[in-house]
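Report on one structure; see the data block that follows.
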Amino acid sequence: MAQNEDNLLKKIAGHAKEYGFIFPSSEIYDGLNAAYDYGQNGVELKNNIKQYWWKAMVQMNENIVGLDSSIFMHPTTWKASGHVDAFNDPMIDNKDSKKRYRADVLIEDYLDKVEAKINKEVTKAEKRFGDAFDKAEFLKTNPNVLRNQSKIDSINERMGKGFENGDLEDIKALIEELEIACPVSGTKNWTDVRQFNLMFSTEMGSVAEDSNKIYLRPETAQGIFVNFLNVQKTGRMKIPFGIAQIGKAFRNEIIARQFIFRMREFEQMEMQFFVKPGEEMQWYENWKAKRIAWHNALGLGEKNYRFHDHVNLAHYANAAADIQFNFPMGFKELEGIHSRTDFDLKAHEEHSGKKLQFFDTVENKSYVPYVVEASIGLDRMFLAIMSSAFTEEILEDGSERTVLKIPAALAPYQVAVLPLLKKEESGLPAKAREILAELKIDFNCQYDEKDAIGKRYRRQDAIGTPYCVTVDHQTLEDNTVTIRDRDDLSQIRVSIDEVKGKLKETTSMESLLRKL
Ligand code: ATP
């Protein structure tokens, strides 16, 4: 990670802590590696992201319903899903720094560098040729680009084969041939590559001999699969239909770092869409389009997203793509869209001995549906929003401010009500509270009367409140207030009756959902 990117992530983490968004877990005991707590402002933002997802996914789709399944599941679930045998990451240690890495990540970081060379070549040529530049042609013909692209392709192919065949020796050989060095020690003194299972296990039951090894779920999806028939039958669902849920998942990541990007306890928002076999590819494309539209409606910048097709497919998938986001440490996976075939339902049929099939009345036959899933990490979405929102600005008067330009509908608070003076005798606090009582029914509001007004504006900027309603002496005379805009700092004077309508236009969840 480049120095300034590292700094930006640190700055965001620092800001998140200082302003009550995210605290290190159990901080009074010096924290626990890669575990975080969401503070008073963080929980509001997180809840708003969940609501935006749930509304768009469940309540606005008549053929998708919700579920809240338990974290503990029968241990055979994880045998059937393949997690007991195959939910591994390949790890490798550097003998000098004693640091542990994921072997695939070391190779992918190397590939990113080769790709950066291609991008640099393109930027150079763009400058040189100006309007006449034909990018597609350039990528097809420039010898440097072609050489680097073929290098990427051959490394990808070899890595894919190595993992597919379980040939970890060749993965190590590849790391050595590419002369990948440990970023900490700078040496190439590596251990062998070993597989490491990512599931956390614990024991259920109070008597040791009767106890049963169970797992903390590493994904929420399996809770959906095992309930497939329950929901289908009781909800009288017809294919195609989806089941969605939001919940915690746990993975014993080899290296958990980069703030809330990679944690050992995190939250997923997953939707499994059950379709007729043979129709999965059209649904896969459909969900890719729908999900990117959901992201784009937020206005974090379309250029900050890109699709990344998987070259090495997981054991259960016949097509898979990630939606990557431009985080401070570069483009990384934010959401996965996977065509999971009938792998999971079939495996659960085999292991449970129960049929998990849908009776298609049109075709007059039963079949195991295929599944297309959209799976997004809530914490990663939180980080995507925080990193695109975090802005340090120098204002016209030369002063500096840090502002979180969070999409208005998702901000922890939509509005702050501020009496110009704190003194009760001025009549301003009473008037402000009257306005607050009315606004808090529709919006999440803050009330603040301490310190000079400029300082209070800054405090709201720092937590991303899109509007401040200020109550001054004129308010008492003519029932008008000022509304101050977080982003362009403009102030307009409106009558109190108009405030609600004005705020709703831009800050309501409805305004966001209407863009979909
Ligand atoms: P990665 O390659 O980054 O480990 P993955 O491909 O294993 O992720 P999936 O199994 O597809 O991830 O999980 C779906 C989503 O859950 C991811 O797109 C990501 O947003 C989120 N997620 C996965 N692992 C973590 C984690 N350790 N911490 C936070 N979010 C995670």
Cut-off 13 Å (backbone N to label point 7 Å along Cα→Cβ of Asn444), residues of region 16-46: 20-22, 38-46
Two-site FRET efficiency, Asp192 against Phe133, from Cβ-Cβ distance with R₀ of 60 Å, rounded to 0.05: 0.80
Shape box of region 173-250 [Cα atoms, principal axes, largest first, Å]: 60, 44, 20
Relative contact order (%) - region 269-400, alpha-carbon pairs under 8 angstrom, separation at least six: 30
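Taking R0 as 41 Å, what FRET efficiency do you get between Lys248 and Glu363 from their Cβ-Cβ distance, rounded to the nearest 0.05?
Working: r = 38 Å, r/R0 = 0.94.
Result of the calculation: an efficiency of 0.60.
Applying 1/(1 + (r/R0)^6) with R0 = 35 Å to the Cβ-Cβ distance of Glu203 and Asp85, what FRET efficiency is obtained, to the nearest 0.05? Don't skip to the answer; put the middle values down first.
Details: r = 21 Å, r/R0 = 0.59.
Computed FRET efficiency for Glu203 and Asp85 comes out at 0.95.
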Listed residue (Val275, Phe259, Tyr305) projecting farthest to the positive dipole end of region 188-315, Cβ model: Tyr305
Cα gyration tensor of region 254-367 - equivalent ellipsoid semi-axes, whole Å, descending: 32, 19, 12
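Any of Lys50/Lys124; Lys10/Lys188; Lys290/Lys354; Lys98/Lys120 with alpha carbons more than 31 Å apart? Name them for me.
Numbers: Lys50/Lys124 42 Å; Lys10/Lys188 28 Å; Lys290/Lys354 33 Å; Lys98/Lys120 34 Å.
As for pairs spanning more than 31 Å Cα to Cα, those are Lys50/Lys124; Lys290/Lys354; Lys98/Lys120.
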Where labels lie 7 Å past Cα in the beta-carbon direction, separation of Ala35 and Asn230 in nm: 2.8
Of all accessible heavy-atom area on region 93-194, the percent that carbon and sulfur account for (1.4 Å): 48
Per DSSP, loop trypsin sites (Lys or Arg not before Pro) in region 64-124 with at most 15 further Cβ within 10 Å: Lys95, Lys98, Lys99
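Check each of the trypsin sites (Lys or Arg not before Pro) in region 373-434 and keep only those in coil by DSSP with at most 14 other C-beta atoms within 10 angstrom; list them in order. Could the numbers behind the result be given before it?
On the way: sites: Arg380, Arg401, Lys405, Lys422, Lys423, Lys431, Arg433; in loops: Lys405, Lys422, Lys423.
Answer in residue order: Lys422, Lys423.
Quick one: length gained pulling Asp478 to Ser426 fully straight, 0.36 nm per residue minus the C-alpha distance? Mind dumping the intermediate values first?
Working: separation 52, 0.36 × 52 = 18.72 nm, distance 1.54 nm.
Net length gain for the segment: 17.2 nm.
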Pairwise label distance in nanometres, Arg100 with Glu400, each label 7 Å out on the Cα-Cβ vector: 3.9
Over the chain - Rg/Rh using Cα atoms and the Kirkwood inverse-distance radius: 1.01
Portion, in percent, of the accessible area of region 403-516 that falls on carbon or sulfur, probe 1.4 Å: 50
Using alpha-carbon coordinates, inclination of helix 496-507 to the longest axis of the chain, degrees: 20
Gain upon complete extension [Leu178, Leu516; 0.36 nm per residue less C-alpha separation]: 117.1 nm
Relative contact order (percent, whole number), the chain, Cα cutoff 8 Å, 6+ residue spacing: 14
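Roughly how many debye, to the nearest 20, is the charge dipole of the chain about its Cα centre, given +1 on each Lys and Arg Cβ, -1 on each Asp and Glu Cβ, and no other charges?
180
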Cleavage-rule hits, GluC sites (Glu not before Pro), region 408-516, DSSP coil, Cβ neighbours within 10 Å at most 10: none
Residues of the chain: accessible area per residue with a 1.4 Å probe, Å²: 49
Inter-probe distance in nm under a simple model that places probes 7 Å from Cα toward Cβ, at Asp68 and Thr141: 6.1
Solvent-accessible area, 1.4 Å probe, carbon plus sulfur percent, for region 317-369: 48
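The values are calculated or read from the model by the stated rules, or taken from the named source; none is laboratory data. This structure is a prediction, so every number in the text was calculated from the model and none was measured. A quick note on method: Cβ atoms are made from the backbone with ideal geometry, for glycine too, and the neighbour counts reach across all protein chains shown. Protein only, heavy atoms only, side chains kept; ligands, DNA and RNA dropped before computing areas. Shrake-Rupley method; radii C 1.70, N 1.55, O 1.52, S 1.80 Å.
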